[in-house]
Amino acid sequence: MKLALLVPAPFSAVSGGYNYDRRIMAGLEALGHSVRVVELAGRHPLPDAAAEAAAAAALEGLAPDEIPVVDGLGLPAFAAHGATLAARRAVGLIHHPVCLENAADRPVLEPIERRLFPICARLIATSPATGRSLPEFGAAPARVAVVEPGTDAA
């Protein structure tokens, strides 16, 4: 399987979310899948024009057989591309709904997530609690999978 991980730049950022994304990528590669990282420029999760342009360019740059896996932090930049995400059988990698991060941003971000979560072929949640919350945003429970972060041996 060929996958493109679409993630806000820089992918080298040090955070739990990016560490998770890198481990998911390494695990998929270890299973024999091809995973390419596409860094999305601009501001995320409240996308600016640069983020929206990066999202469009990322989708245009996909190989015909490549499945987009969109990190939830960058997903709002794809608001105008729901039909393409659905047609490409996109996967959302959801650490948590970003509309819950800041009450002031919720009126902008929640409608986008409610529109995009249901059209993703799959949603990967990073915790059982997040997985349980995604149907509240319109995601079909059968399309939600939980892949919890692992830990290295001490």
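The values are calculated or read from the model by the stated rules, or taken from the named source; none is laboratory data. Quick caveat, the model's predicted, so the values are computed rather than measured. All Cβ positions, even for glycine, are placed from backbone atoms using ideal geometry, and neighbour counts span all protein chains on display. Heads up: the accessible areas ignore ligands, DNA and RNA and are worked out on the full protein's heavy atoms, side chains in. Shrake-Rupley method; radii C 1.70, N 1.55, O 1.52, S 1.80 Å.
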>> Can you find a residue that is surrounded by fewer than 17 Cβ atoms within 10 Å (Cβ to Cβ) and of a type in the set (Ser, Thr, Tyr) anywhere in region 107-126?
In response: no
>> Condition first: out of contact with any Leu (no Cβ under 6 Å at 6 or more places or on another chain) and open to solvent by less than 30 Å² (accessible area, probe 1.4 Å). Now tell me which residues in region 128-143 satisfy that.
In response: THR130, GLY131, SER133, PHE137
> Any chance region 20-40 includes a residue that's in contact with a strand residue (DSSP E or B) (Cβ under 7 Å, 6 or more places away or on another chain) and under 21 Å from GLY82 (Cβ atoms)?
Replying inline: yes
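Only strands (runs of 3 or more DSSP E) wholly contained in region 1-104 count here; list those with 1 or more residues that are touching a residue at least 60 places away in the same chain (Cβ under 8 Å) and buried (at least 19 other Cβ atoms within 10 Å of the Cβ). Steps first, please.
Numbers: elements: 2-8, 34-40, 66-71, 91-94.
Once the strands (runs of 3 or more DSSP E) in region 1-104 are filtered for at least 1 residues that are touching a residue at least 60 places away in the same chain (Cβ under 8 Å) and buried (at least 19 other Cβ atoms within 10 Å of the Cβ), what remains is 2-8, 66-71, 91-94.
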>> Considering only region 123-140, I want to know if a residue exists there that is in contact (Cβ under 8 Å) with a residue 40 or more places away in the chain and assigned to a loop (DSSP other than H, G, I, E, B).
In response: yes
>> What's the number of the only condition in (1) at pLDDT 95 or above; (2) open to solvent by 20 Å² or more (accessible area, probe 1.4 Å) that PRO149 fails to meet?
In response: (1)
